[in-house]
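Reading through the structure tokens given below for one structure.
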Amino acid sequence: MDSYSLRPLNLDPFELLDWVKKNGGDGVQFSEVNLPRGRRLDKTFLRDLSQYARERRLFLEWGGGQHIPFDLRTGRPVDIFKVNRRAAEQAQALGVTSVRSCSGGLMRWTDDSPPTGVLLQAMAQSLLAQKLMLDDLGVTLAIETHFEFTTFELLRLFAACEARPGEYLGICLDTMNLLTMIEDPVMATKRVLPWVVMTHLKDGGILLTENGLVTFPVEVGKGIVDLEEIIRLLAALGHRLHLSLEDHGGEFLIPIFNPSFLLKFPDLSPVELSRILSLALETQKRVESRDMAVVERDRWPEVCEGRVRNGLRNIKKIIDRRGL
């Protein structure tokens, strides 16, 4: 489970591990760390956290990485080499070989953001300079499929960074975020499959409205994301990969009826758009039958424990059904 899923509970890392163990999970991916009173994020804390997890037979995954060398709010440069070295050193201290990277999102939704091509060029220059550092620490920077770049663009980034699967750059596959970037989750997973080293198994729905498409998370295993097929694809990779659930409230408008917005997705094909619209039709049917609904962010604290608990069970049912 990703720690963000239970953020409203304000649990410290040890309490979070206890919650996951009690509720049938196998580990925690830390997007952020709510330090206990009097503790610092130092080697002593990391050693204690690692030992605590081992004693409970729980895996750990780590976050804190960044891949866009700008502050997206101000446009000022950010020294992500320093940020990523710190996160990679923390991961190494924990015995973790990948660090999730997420730098923000929704740049295409505002006209004053730098063009995607400019961001990708700056990223390639910055990340290529981090190759030796990440290799020396034995850590892969796992760029999340967030509201930033499509899988097509990430593959071009990896090529510009002279990276190959299994080296210093990889993917944290967020299965529901793909919908928000107008990508079919299964098709997109196939595109980046060799690069996946971390996951955010997140389910959701997508609706066609008068303002465009709207995506939203739902209880994992209850949405229109074909998690069973995605897990089958991931299992075929042949190496150990943790399935980390992420869930939260809220919804996201994709203004596809705005021509200038849609032009920002030049790789979107008629075939994939057709698949997205098919998923929207399926979502509409489930919403009308009350099998799915949007949970607003302000209601997430009320429902987060139950939804995450059920989601963990649903993932294990898929794994058992598939015999994986």
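The values are calculated or read from the model by the stated rules, or taken from the named source; none is laboratory data. Nothing here was measured: the structure is a model prediction, and the numbers come from that model. Glycine gets a Cβ as well: all are built from the backbone with ideal geometry, and neighbour counts include every protein chain shown.
Suppose we filter region 1-45 for residues that are in contact with a strand residue (DSSP E or B) (Cβ under 8 Å, 6 or more places away or on another chain) and without any contact (Cβ under 8 Å) to a residue 24 or more places away in the chain; how many remain? Qualifying residue count for the region: 1. In region 26-53, which residue that is among the hydroxyl-bearing types (Ser, Thr, Tyr) and either touching an Asp or Glu at 6+ places or on another chain (Cβ under 8 Å) or surrounded by 14 or more Cβ atoms within 10 Å (Cβ to Cβ) (or both) is farthest from Val83 (Cα to Cα)? Selected residue: Tyr52.
Residues in region 118-128 that are exposed (fewer than 13 other Cβ atoms within 10 Å of the Cβ) and either touching an Asp or Glu at 6+ places or on another chain (Cβ under 6 Å) or modelled with pLDDT of 95 or more (or both): 1 in all. Across region 114-129, the number of residues qualifying as in contact (Cβ under 8 Å) with a residue 24 or more places away in the chain, under 30 Å from Leu179 (Cα atoms) and not in a helix (DSSP H, G or I) comes to 1.
Candidates are the residues of region 96-106 that are surrounded by 20 or more Cβ atoms within 10 Å (Cβ to Cβ) and farther than 9 Å from Trp62 by Cα; the one that is modelled with the lowest pLDDT is Ser103. With respect to being charged (D, E, K, R) and touching a Lys or Arg at 6+ places or on another chain (Cβ under 9 Å), Asp226 falls outside the description.
Among the residues of region 72-94, the ones that are surrounded by fewer than 16 Cβ atoms within 10 Å (Cβ to Cβ) and modelled with pLDDT under 95 come to 6 in all. Taking the options Leu132, Leu179, name whichever one is hydrophobic (A, V, I, L, M, F, W, C), part of a helix (DSSP H, G or I) and in contact with a strand residue (DSSP E or B) (Cβ under 9 Å, 6 or more places away or on another chain). Just one listed residue meets the conditions, Leu179. Taken over region 161-203, the criterion of being at positive phi and not charged (D, E, K, R) is satisfied by Gly166, Ile182. If you go through region 135-154 and keep only what is among the aromatic types (Phe, Trp, Tyr) and outside any loop (DSSP other than H, G, I, E, B), you end up with just Phe152.
The single condition among (1) closer than 29 Å to Gly105 by Cα; (2) surrounded by fewer than 19 Cβ atoms within 10 Å (Cβ to Cβ) that Ser5 does not satisfy is (2). Counting the residues of region 138-168 that are over 20 Å from the mean Cα position of the chain (by Cα) and surrounded by 18 or more Cβ atoms within 10 Å (Cβ to Cβ) gives 2.
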